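The values are calculated or read from the model by the stated rules, or taken from the named source; none is laboratory data. Since the structure is predicted, the reported quantities are computational estimates derived from the model, not experimental observations. All Cβ positions, even for glycine, are placed from backbone atoms using ideal geometry, and neighbour counts span all protein chains on display. Accessible surface areas use protein heavy atoms only, side chains included; no ligands, DNA or RNA. Shrake-Rupley method; radii C 1.70, N 1.55, O 1.52, S 1.80 Å.
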Amino acid sequence: MDSLANGPEPSNASSSLATVSRLTRGDELELVIDKFADRGQCIGRVGNKVVLVPRVLPGERIRVRVMKNQNRFVRSEPLAILEPSLQRVLPRCRYFGICGGCTLQHVSYEAQLEAKRESVRSALVHHGGLHELEVRSPVAAQTPYFYRNKMEFSFAARRWLSPEEIASGRKFNTDFALGLHPSGIFHKVLDLHECHLQSECSVALVNGVRTFTRNAGWRPWDARTHEGYLRHLVIRESAHEASVMVNLVTFGHDAERMSALGDFLQAEYPHVTTLVNTINTSHAQTAWGESAVTVFGPGRIRDRIGALVFEIGPGDFFQTNTRQAEALVDVVRAMASLQPSNYVYDLYCGTGTMALSLAGQAARITGVELIESAVESARTNAKLNGITNCTFVAGDMLKILTPGFVTAHGPCDVLILDPPRAGLHPKVATRVATLGAQRIVYVSCNPRSQARDLNILAGTYRPVLAQPVDLFPQTYHVENVVLLEQRTDT
């Protein structure tokens, strides 16, 4: 029997005989897992009741403890794997199952891809009614570990201790931590000494900055009392250039402290090319802030997608997996089937990654983005690459997509959509349908909201193909690209 490290062995399983309707927290059940579900979970059944279980695999016979019996399903935690799947692998990271970063390290990479394909298919069927839409196998990442170019780590005045640490009897300093939040816990942080998503260089920086700031007596932010100085450590790395940014997010700016940290980094980590201090004096637990001070270096890093060079500031959006972002561009380019005479709108264009990557195949591309700093970065990147047929406009989609906008920027032949996780505002979706594009390529990191939007567009556009791209190995997240063609039967 394979016991799971994150749950104790049950004392007995007599409560597994409890009737489904009377299941309560603490009851134990044996069941066989049927299939993958959303957000890295799997589904088993007791009678006609669905049981959601994390960190297991289809086909496994397991013992679980009931955490919550809800109307439509039971939430549970796995206690023991009684019959493991052949697709189960040993997680690389000692924090797996505790840290909220990875959810699929126990799953072979081939099975991860199938789980993501099924997740996309299920979302499109259940939230969009798209039963017949072909969902291809995700474009696999060549490097399923150490792929992220950006990681955000949190400081906390309350350290979360693992069951193993508590059981060890050792005494720990619990008023200082730097790492990631355990799943579902936002006021405490797991003091992280390894991570397999970003590079070993990044882990060394986390450990070095922790030691320096703790020894200097700098207080971490307390999410409950709203006191303290240190809030987040953000590390950005270029996949193709010798360029590394350390961004320390603090409550207020202290020039003397930042100078000391800069001296430390330049002495101990000479590969760090720039240090930025972002100021966040709000109560929001975010690495964004109202201002940023460059301590040394240019305050930006450079990276490449294909032949293009991009400058990336501390607050700029850039796909977190550079090499898979190149694969994403290839998928969008193939679906867009651009002609030299085409006018293209790239809505929610960010810093211009997609627009600039497609510029060589189109007559003109107009990018629209709400965040003005991102638009400025897009314009800078256009100049940096000598691209003159891209125009970038800052504005709210609800206000900007007017007949006057079309008059100013030309009729739309092909439309690229890449909205935030929430998807399109219903009124924006309605306006998009009136732009007259022959094809729409809809990129989404949330297939559920994407499916809802496809339903809104269904009267004007027919979904043709869905192609997921795995930008986030070891997690349940997936990017999905759908090609839509204008209907001729309306």
* Conditions: (1) modelled with pLDDT under 85; (2) open to solvent by 30 Å² or more (accessible area, probe 1.4 Å); (3) within 20 Å of Glu110 (Cβ to Cβ). Glu9 meets all but one. Number of the miss? -> (3)
* Asked: Residue check, Ala167 against (1) farther than 27 Å from Thr294 by Cα; (2) assigned to a loop (DSSP other than H, G, I, E, B), all met but one. Which one?
  -> (2)
* **Residue among Ser444, Ser449 that is farther than 24 Å from Ala359 by Cα and modelled with pLDDT of 95 or more** => Ser449
* Looking only at the stretch 290-317, which residues are hydrophobic (A, V, I, L, M, F, W, C) and under 30 Å from Pro411 (Cβ atoms)? -> Ile305, Ala307, Leu308, Phe310, Phe317
* To do: Could you tell me which of the residues Ser137, Ser108 is in contact with a strand residue (DSSP E or B) (Cβ under 9 Å, 6 or more places away or on another chain), closer than 25 Å to Glu200 by Cα and modelled with pLDDT of 95 or more?
  => Ser108
* To do: Only residues in the stretch 277-296 that are at negative phi count as the first member; pair them with residues that are among the β-branched types (Val, Ile, Thr) and part of a loop (DSSP other than H, G, I, E, B), Cβ under 7 angstrom, at least 6 apart or cross-chain, and list the lot.
  => Asn280/Thr286; Glu290/Thr281
* Filter pass, Ser373 being at pLDDT 95 or above, of a type in the set (S, T, N, Q) and either more than 29 Å from Arg148 (Cα to Cα) or in a helix (DSSP H, G or I) (or both) -> no
* For Asn342, work out the one condition from (1) more than 27 Å from Ser154 (Cβ to Cβ); (2) modelled with pLDDT under 95 it doesn't fulfil. => (2)
* **Residue check for Ser238: at pLDDT 95 or above, within 30 Å of Gly306 (Cα to Cα), of a type in the set (Gly, Ala, Ser) and open to solvent by 10 Å² or more (accessible area, probe 1.4 Å)** => yes
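Name the residue that is surrounded by the most Cβ atoms within 10 Å (Cβ to Cβ), counting only residues in the stretch 69-84 that are assigned to a loop (DSSP other than H, G, I, E, B) and modelled with pLDDT under 95.
Of everything passing the filter in the stretch 69-84, Gln70 is surrounded by the most Cβ atoms within 10 Å (Cβ to Cβ).
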* Asked: Within the stretch 16-34, is even one residue small (Gly, Ala, Ser), outside any loop (DSSP other than H, G, I, E, B), modelled with pLDDT under 80 and crowded, with 17+ Cβ neighbours inside 10 Å?
  -> yes
* Filter result (among the basic types (Lys, Arg) and farther than 17 Å from Ala156 by Cα) within the stretch 227-271 -> Arg236, Arg257
* To do: Scan the stretch 433-477 residue by residue and report those that are of a type in the set (Phe, Trp, Tyr) and under 14 Å from the mean Cα position of the chain (by Cα).
  => Phe472, Tyr476
* To do: Count, please, the residues in the stretch 100-139 that happen to be within 29 Å of His196 (Cα to Cα), part of a loop (DSSP other than H, G, I, E, B) and open to solvent by 50 Å² or more (accessible area, probe 1.4 Å).
  => 2
* Asked: Any idea which of (1) open to solvent by less than 50 Å² (accessible area, probe 1.4 Å); (2) touching an Asp or Glu at 6+ places or on another chain (Cβ under 9 Å) is the one Phe146 doesn't satisfy?
  -> (1)
* Asked: Which residues, counting only those in the stretch 473-490, are open to solvent by 30 Å² or more (accessible area, probe 1.4 Å), out of contact with any Cys (no Cβ under 8 Å at 6 or more places or on another chain) and either part of a loop (DSSP other than H, G, I, E, B) or on the phi > 0 side of the Ramachandran plot (or both)?
  -> Tyr476, Arg487, Thr488, Asp489, Thr490
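Could you grab me the full set of residues in the stretch 85-99 that are open to solvent by less than 30 Å² (accessible area, probe 1.4 Å) and under 28 Å from Leu192 (Cα atoms)?
Going residue by residue through the stretch 85-99, those that are open to solvent by less than 30 Å² (accessible area, probe 1.4 Å) are 85, 93, 95, 97-99.
Cys93, Tyr95, Gly97, Ile98, Cys99 - these are the residues of the stretch 85-99 that are open to solvent by less than 30 Å² (accessible area, probe 1.4 Å) and under 28 Å from Leu192 (Cα atoms).
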* Structure fact -> Quick count over the stretch 241-267, residues being of a type in the set (S, T, N, Q), open to solvent by 30 Å² or more (accessible area, probe 1.4 Å) and in contact with a Leu (Cβ under 9 Å, 6 or more places away or on another chain), is 1
